[in-house]
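Asks: Please see the structure below; I have some questions.
The values are calculated or read from the model by the stated rules, or taken from the named source; none is laboratory data. Keep in mind that this is a model prediction, so the values were computed, not measured. Cβ: placed from backbone, ideal geometry, glycine included. Neighbour counts: every protein chain shown.
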Amino acid sequence: MKIVKTVDEVRKQVKEWRSKGYSVGLVPTMGYLHEGHKSLITSAVSQNDKVVVSVFVNPMQFGPTEDLESYPRDMDRDAKVCEDAGASLIFNPEPSEMYHDDFSSFVDMGTLTGGLCGKSRPIHFRGVCTVVSKLFNIVTPDKAYFGQKDAQQLAVIRHMVSDLNFGIEIVGCPIIREEDGLAKSSRNTYLNENERNAALILSKSLNEGRRLIEAGEKDAAKIKQAITDYINTEPLAKIDYVEIVDWNTLEPVSKLDRPILAAIAVYIGKTRLIDNFIIS
Ligand code: PAF
């Protein structure tokens, strides 16, 4: 497995693979890889001849008060995870390789990005769409893999690929959880012991919502309230949002009469965590 830092090196390698007729999968990441990322790479390896993992903490998707500087990084560990999972190439560019000084083109989406995480992170999806478009143009994969934990991101990328005719298949992969239910996330490393315990309130509150739905509840307001009340029993938790939205449009629904996404964002201390479930 090779690690390269420049766009030219990626292009050269992909060109060589293409000349041999190989299919190419891409797993875009910001590094500090965990089991969730590993499951994306494993899926990509099983469905493509060659797999590129990008490891790039994208400055453009962080707001001015967010955790760009403290975002965890460990390239040696990431390389081992990628190698063990069977990836062929890591693309690990410097910010200057991705954004030269006079960089001035952005991919801004008109729908899907205003609610959920977009409300408290107004520039986030512009940064995500821009960097993912660049990665698609650099790697030109057949398929690209994204986790369902970032459900809004998955919906946004699918929409962008359709709008801009990227001709890439977007594969959504299930949320991977710790044994006690906490969704795996690079940001879990910010939690101290008390916060780690408190963070279980995310998956538990969603389980409560799902239990109500399975018992026949169809009123979105009641399910939202039950999830909210459950989270509020945890003193270290502060809700950013609890939403039930149409899984296609991401618009809030009042009745559960179509595929829905139940999504939450909760601060545990200073750490903002997200989790969700989809009922199709
Ligand atoms: O999900 C992530 O880690 C990032 O948002 C992504 C897709 C790699 C773009 O920087």
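Asks: When you look at residue 98, is it away from the ligand (no atom under 15 Å from the Cβ), surrounded by 13 or more Cβ atoms within 10 Å (Cβ to Cβ) and more than 29 Å from residue 270 (Cα to Cα), yes or no? Step through it out loud before you land on a result.
Replies: Values: away from the ligand (no atom under 15 Å from the Cβ): no; surrounded by 13 or more Cβ atoms within 10 Å (Cβ to Cβ): yes; more than 29 Å from residue 270 (Cα to Cα): yes.
Answer is no for this residue.
Asks: Now a separate question. So which residues in region 140-151 are more than 11 Å from the ligand (Cβ to nearest atom) and closer than 16 Å to residue 55 by Cβ?
Replies: 141
Asks: Quick one: what pairs do we get from region 190-215, first residue of a type in the set (S, T, N, Q), second part of a helix (DSSP H, G or I) and at pLDDT 95 or above, C-beta under 6 Å, 6+ apart or different chains?
Replies: 205/227; 205/230; 205/231
Asks: Related question: Check every one of the strands (runs of 3 or more DSSP E) wholly within region 1-86 and list those with 2 or more residues that are farther than 30 Å from residue 113 by Cα.
Replies: 2-4
Asks: Collect the residues in region 76-92 that are out of contact with any His (no Cβ under 8 Å at 6 or more places or on another chain) and within 15 Å of the ligand (Cβ to nearest atom), keeping them in residue-number order.
Replies: Result: 78, 82, 87, 90, 91, 92.
Asks: Can you work out which of the residues in region 15-44 that are of a type in the set (Val, Ile, Thr) and within 17 Å of residue 172 (Cβ to Cβ) is surrounded by the fewest Cβ atoms within 10 Å (Cβ to Cβ)?
Replies: Going through the qualifying residues, I end up with 42.
Asks: Looking at 102, 108, 84, which one is acidic (Asp, Glu) and closer than 26 Å to residue 152 by Cβ?
Replies: Criteria check complete, one pass: 108.
Asks: For region 123-139, does any single residue satisfy the condition of being away from the ligand (no atom under 14 Å from the Cβ) and touching a residue at least 40 places away in the same chain (Cβ under 8 Å)?
Replies: So far as region 123-139 goes, no, none of its residues is away from the ligand (no atom under 14 Å from the Cβ) and touching a residue at least 40 places away in the same chain (Cβ under 8 Å).
Asks: Identify the residue in region 204-222 that is part of a helix (DSSP H, G or I) and acidic (Asp, Glu) and, among all such residues, is nearest to the chain's Cα centre (by Cα).
Replies: Applying the filter and picking the extreme gives 208.
Asks: From the list 181, 110, 114, which residue is modelled with pLDDT under 95 and surrounded by fewer than 19 Cβ atoms within 10 Å (Cβ to Cβ)?
Replies: None of the others qualify; the one that does is 110.
Asks: Here's a follow-up. Kindly indicate whether residue 54 is without any contact (Cβ under 8 Å) to a residue 24 or more places away in the chain and either surrounded by fewer than 15 Cβ atoms within 10 Å (Cβ to Cβ) or in contact with a Leu (Cβ under 7 Å, 6 or more places away or on another chain) (or both).
Replies: no
Asks: Please find, within region 102-122, the residue that is farthest from the ligand (Cβ to nearest atom) out of those that are of a type in the set (D, E, K, R) and in a loop (DSSP other than H, G, I, E, B).
Replies: Here the residue is 102.
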